[in-house]
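Q: Please read through the structure below; I'll follow up with questions.
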Amino acid sequence: MEIMTNTEHQELITEQLTFQDQRIVRFVHGQRDEHLRAIESRLDLEIGTRGTLMNIKGSAADVHFAKTLIEQLYTLASKGQALGLTDIKRSIDLLHDNPELDLVAIFTDKVYVSSNNKLITPKTPTQKAYIDTIRQNELVFGIGPAGTGKTYLAVAMALQAFHDKKVKRIILTRPAVEAGEKLGFLPGDLTEKVNPYLRPLLDAIGDLYDAEKAQRLLEKNIIEIAPLAFMRGRTLNDAFIILDEAQNTTREQMKMFLTRMGFNSRAIVTGDISQIDLPRRRDSGLIEAKRILKGIPGIGVVTFSDMDVVRHGLVQKIIRAYDQDAIKREEQLSQR
């Protein structure tokens, strides 16, 4: 995203910021001032520093933008929030889209602290809305492209609920249907057949939770990871349940899953409706559920976009390119 403005015919101004703690200011600067250089290049500014003083030179609009950004970054750093170059670039984009955005409220919302003391927080306004929606509702649908944190944040919320003793177990499930493949064509017994489908859920658990503890909980079925077909006929009480890749459920499977919820249970359903691998796209249980359950109290729906992708920067561009191509193809088909 380019945010630079044409300052050729604009009057340039200089504004000075004064901070109290030079140690915190260094976190805002980044290593070898890489954060400030990123802000300069994205906003067509000149930023000079001396101790706790910072001079910002550019157009009035860009200077005001940079001042708001840097002051919020300083507040984040003062609260112990680690700042990387990716965070700086994302903050610029977020504030550009919403100048009134409170970055501090987003980036300091503690979701979970992993076993290696990694603090899990939202990275975008939609992720923040997702977390708040999960806190406020018993059933939440998180819909959007890959890399937006739908599943990862859901697993983090499940682990936090278990840690706080709000639930007694965590159940993670997926439909075993992807890319047109059938389980019968995979080698091995049933466990070996379904393991590739469940691997992303195991990876999320492994990234957030101590490996040995997680293994013990898995052995005791306190954390259960199973194909969606294994949910049939069960009533899940005192559980935090996550259905991942829900775009590949049928209408019947989705209804079956949603009616498994028992007393003191919460459920999160995640999926990407642009990656449906069912024979007929319109049969997706996720699309049906979103339409049928709209407006029911206790059910929340959060829709992510490519702006919420927090993976490699190219992923956002790839998703956007595919979306634009899909729009062109639909327009061409409609003209035939």
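Q: For segment 21-65: of the residues being outside any helix (DSSP H, G or I) and in contact with a Lys or Arg (Cβ under 7 Å, 6 or more places away or on another chain), which is most open to solvent (accessible area, probe 1.4 Å)?
A: As a first pass, look at segment 21-65 and keep what is outside any helix (DSSP H, G or I): 21, 30, 44-59.
When the remaining residues are screened for being in contact with a Lys or Arg (Cβ under 7 Å, 6 or more places away or on another chain), the result is 45-46, 56.
On the way: LEU45: 14, GLU46: 115, ILE56: 1 Å².
Ranking the qualifying residues of segment 21-65, first place goes to GLU46.
Q: Mind counting the residues in segment 111-140 that are open to solvent by 20 Å² or more (accessible area, probe 1.4 Å), free of Cβ contacts under 8 Å to residues at least 40 places away in the same chain and assigned to a helix (DSSP H, G or I)?
A: 4
Q: Condition (residue is assigned to a loop (DSSP other than H, G, I, E, B), over 25 Å from the mean Cα position of the chain (by Cα), at pLDDT below 80 and loosely packed, with under 13 Cβ neighbours inside 10 Å) applied to segment 205-220: is it met by at least one residue? Spell out how you get there, then give the answer.
A: Narrowing segment 205-220 to residues assigned to a loop (DSSP other than H, G, I, E, B): 209-210, 220.
Those left that are additionally over 25 Å from the mean Cα position of the chain (by Cα): 220.
After this cut, where a residue has to be at pLDDT below 80 as well, the list is none.
No, because not a single residue in segment 205-220 is assigned to a loop (DSSP other than H, G, I, E, B), over 25 Å from the mean Cα position of the chain (by Cα), at pLDDT below 80 and loosely packed, with under 13 Cβ neighbours inside 10 Å.
Q: Can you confirm whether segment 273-281 contains a residue that is modelled with pLDDT under 95, open to solvent by less than 60 Å² (accessible area, probe 1.4 Å), farther than 20 Å from ALA154 by Cα and in a strand (DSSP E or B)?
A: Looking only at segment 273-281, we keep the residues that are modelled with pLDDT under 95, and these are 273-281.
Among the residues that remain, those that are also open to solvent by less than 60 Å² (accessible area, probe 1.4 Å) are: 273, 276-278.
Applying the additional criterion that residues be farther than 20 Å from ALA154 by Cα yields 276-278.
Right, trim to in a strand (DSSP E or B) and you get none.
No: zero hits.
This table checks each residue for (1) crowded, with 18+ Cβ neighbours inside 10 Å; (2) at pLDDT below 90.
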| residue | (1), (2) |
| --- | --- |
| ARG90 | yes, yes |
| ASP97 | no, yes |
| GLU100 | no, no |
| ASP109 | no, no |
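Q: Return yes or no: is LEU101 hydrophobic (A, V, I, L, M, F, W, C) and within 24 Å of THR249 (Cβ to Cβ)? Working first, answer last.
A: Working: hydrophobic (A, V, I, L, M, F, W, C): yes; within 24 Å of THR249 (Cβ to Cβ): no.
Spelling it out, it is not the case that LEU101 is hydrophobic (A, V, I, L, M, F, W, C) and within 24 Å of THR249 (Cβ to Cβ).
Q: Hey, another quick one. Return only the number of the condition from (1) within 19 Å of THR126 (Cα to Cα); (2) open to solvent by less than 30 Å² (accessible area, probe 1.4 Å) that ILE70 does not satisfy.
A: (1)
Q: Now for a different question. For the structure I just gave you, tell me whether THR86 is within 28 Å of VAL113 (Cβ to Cβ), exposed (fewer than 15 other Cβ atoms within 10 Å of the Cβ) and under 28 Å from the mean Cα position of the chain (by Cα). First the steps, then the outcome.
A: On the way: within 28 Å of VAL113 (Cβ to Cβ): yes; exposed (fewer than 15 other Cβ atoms within 10 Å of the Cβ): yes; under 28 Å from the mean Cα position of the chain (by Cα): yes.
Yes.
Q: Go through (1) out of contact with any helix residue (DSSP H, G or I) (no Cβ under 7 Å at 6 or more places or on another chain); (2) open to solvent by 30 Å² or more (accessible area, probe 1.4 Å) one by one and return the number of the condition ARG251 breaks.
A: Exception for ARG251: condition (1).
Q: Does segment 243-288 hold any residues that are in contact with a Phe, Trp or Tyr (Cβ under 7 Å, 6 or more places away or on another chain) and hydrophobic (A, V, I, L, M, F, W, C), and which are they?
A: LEU243, VAL269
Q: Another question about this same structure. Residues in segment 258-266: is at least one in a strand (DSSP E or B), within 20 Å of the chain's Cα centre (by Cα) and in contact (Cβ under 8 Å) with a residue 60 or more places away in the chain? Before you say what the answer is, go through the steps one by one.
A: First, pick out the residues of segment 258-266 that are in a strand (DSSP E or B): 261, 266.
Still in the running and within 20 Å of the chain's Cα centre (by Cα): 266.
Okay, now just the ones that are also in contact (Cβ under 8 Å) with a residue 60 or more places away in the chain, so 266.
Yes - at least one qualifying residue is present in segment 258-266.
The values are calculated or read from the model by the stated rules, or taken from the named source; none is laboratory data. No experiment lies behind these values; they were computed from the predicted model shown. Note that we place each Cβ from the backbone using ideal geometry, even for glycine, and neighbour counts take in every protein chain shown. Note: accessible area is taken over every heavy atom of the protein model, side chains too, but ligands, DNA and RNA are not part of it. Shrake-Rupley method; radii C 1.70, N 1.55, O 1.52, S 1.80 Å.
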